[in-house]
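The values are calculated or read from the model by the stated rules, or taken from the named source; none is laboratory data. These figures come from a predicted structure and were not determined experimentally. Here Cβ is always computed from backbone atoms with ideal geometry, including for glycine, and neighbour counts include all displayed protein chains.
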Amino acid sequence: MKKTEPLLATLAGAMLILGATVIANAAEPVSIDPSHLKAFKPLPESSIPGDRKIEDAQVSLGRILFYDTRFSKSQTISCNSCHNLSTYGVDNQPTSTGFQGQKGGRNSPTVYNAAGHFLQFWDGRAKDVEEQAKGPVLNPVEMAMASDKEVLAIINSMPEYVTAFQRAFPGEPNPVTYDNFGIAIGAFERKLLTPSRWDKFLAGDQKALTNAEKAGFNAYYAAGCASCHAGAYLGGNLFQKVGAKKTWPNTSDSGRREVTKNAADDMMFKVPSLRNIAKTGPYFHDGKTVKLSEAIEKMGEYQLGQSLTPQQVASIEVFLNSLTGQVPVALIKKPKMPKSTASTPKPSNAN
């Protein structure tokens with residue numbers, strides 16, 4: 001009899017799973033009130049402003065610059081080091097490691113879909129991705145280049161790079177500039193879009209989401225999450241005080257106040273996009289929250305002033321998983337780098 005017990009247990013388990021599947025399939029379809037979807041939009045096909053034209057040569061150059069570690073003082077760090085395109089644009093660290101092992105003060109957000117945000121960085125200090133791209137290179141904690149002149153010296157030391165800049169910015173008497181450096185990286189980042197099943201659903205495909213995901217959206221909307229996380233990017237379009245209903249546990253970072261010097265901006269941060277949120281932890285500006293479920297709980301408690309039940313949290317998390325999109329595999333393939341020459345500056349680990 002003992003020998004049959006494992007078999008019986010296995011059969012019983014299989015019957016339970018089969019029964020659960022039948023029940024799930026037999027369940028009534030979950031509906032979403034169409035009025036609740038008015039605050040959302042599908043991901044646009046392009047994040048290029050209407051008054052801009054981006055040449056393919058700029059995108060190609062930007063992709064090379066994004067991956068090139070020679071634009072860091074130690075020549076070991078690139079944009080991709082902290083915004084790894086193969087892991088949804090993040091390094092999955094609380095804060096990223098920079099020059100000489102230094103740690104940044106804030107979590108590195110994903111670059112995917114970021115070009116569509118209304119401002120860049122957690123504190124909104126850059127107006128667009130073109131401006132943002134120039135910041136980390138000269139930051140002493142991050143890539144630690146001493147000046148833009150050092151960056152241009154590296155570019156000008158390699159004929160392949162000079163030619164690439166000439167192609168990307170035709171007609172300019174001196175295309176190798178630091179502004180063009182940022183413009184090229186920005187052109188590449190504007191192509192980093194990740195459409196998901198959520199977009200198909202918004203476009204009218206009711207089968208794009210499961211019943212559980214639709215129920216998760218209903219829980220998300222009922223909890224009030226859409227008050228900040230709406231629009232095409234489910235965030236990325238406004239500032240919000242962290243700890244709106246209850247003081248945030250970590251108040252060491254004053255957020256946007258550091259930029260504006262205005263007391264009203266204390267603890268104000270850009271609301272992050274929830275696209276690919278299941279893949280881009282740890283969470284929040286300080287990167288101290290590891291699990292998505294914990295992040296949802298915190299948002300309920302500190303931002304919405306309510307204690308979400310475990311069932312609510314789990315249901316919302318199911319919906320958020322539907323926001324995981326498809327990365328542009330061909331676009332993010334690591335490119336061939338221009339060859340260094342005898343005049344290319346060497347790396348340095350000195351202060």
*Looking at (1) surrounded by fewer than 18 Cβ atoms within 10 Å (Cβ to Cβ); (2) under 26 Å from the mean Cα position of the chain (by Cα), find the lone condition where Asn351 falls short.*
(2)
*Any idea which residue in segment 284-305 is surrounded by the fewest Cβ atoms within 10 Å (Cβ to Cβ), counting only those that are more than 21 Å from the chain's Cα centre (by Cα) and in a loop (DSSP other than H, G, I, E, B)?*
Gly305
*Would you check if there is a residue in segment 259-275 being touching a residue at least 60 places away in the same chain (Cβ under 8 Å) and either out of contact with any Gly (no Cβ under 8 Å at 6 or more places or on another chain) or in the same structural domain as Tyr67 (by TED's automatic domain parsing) (or both)?*
no
*asked:* Take the conditions touching a Ser or Thr at 6+ places or on another chain (Cβ under 8 Å), acidic (Asp, Glu) and more than 24 Å from Val242 (Cα to Cα) and apply them to Glu142. Does it pass?
replied: yes
*With segment 98-184 as the region, which helices (runs of 4 or more DSSP H) entirely inside it contain at least 1 residues that are closer than 23 Å to Pro49 by Cα and either hydrophobic (A, V, I, L, M, F, W, C) or touching a helix residue (DSSP H, G or I) at 6+ places or on another chain (Cβ under 7 Å) (or both)?*
129-132, 159-168
*Write out, first by first residue and then by second, each pair whose Cβ atoms fall under 6 Å of each other, whose residues are 6+ apart or on separate chains, and whose first residue, in segment 142-165, is surrounded by 14 or more Cβ atoms within 10 Å (Cβ to Cβ) while the second is among the charged types (D, E, K, R) and in a loop (DSSP other than H, G, I, E, B).*
Ala144/Lys73; Met145/Lys73
*Selection within segment 236-266 - in contact with a strand residue (DSSP E or B) (Cβ under 8 Å, 6 or more places away or on another chain) and of a type outside the set (Lys, Arg)*: Gly236, Asn237, Leu238, Phe239, Gln240, Val242, Gly255, Asp265, Asp266
*asked:* Tell me yes or no: at least one residue of segment 232-253 is over 17 Å from the mean Cα position of the chain (by Cα) and assigned to a helix (DSSP H, G or I).
replied: no
*Answer residue from segment 31-57, given it is crowded, with 19+ Cβ neighbours inside 10 Å and under 21 Å from the mean Cα position of the chain (by Cα) and is nearest to Ser157 (Cα to Cα) among those*: Ser47
*Flag for Ser60 being assigned to a helix (DSSP H, G or I), exposed (fewer than 11 other Cβ atoms within 10 Å of the Cβ) and modelled with pLDDT of 50 or more*: no
*Could we say that Gly281 is within 20 Å of Lys245 (Cα to Cα), surrounded by fewer than 22 Cβ atoms within 10 Å (Cβ to Cβ), touching a residue at least 40 places away in the same chain (Cβ under 8 Å) and in contact with a Leu (Cβ under 7 Å, 6 or more places away or on another chain) here?*
no
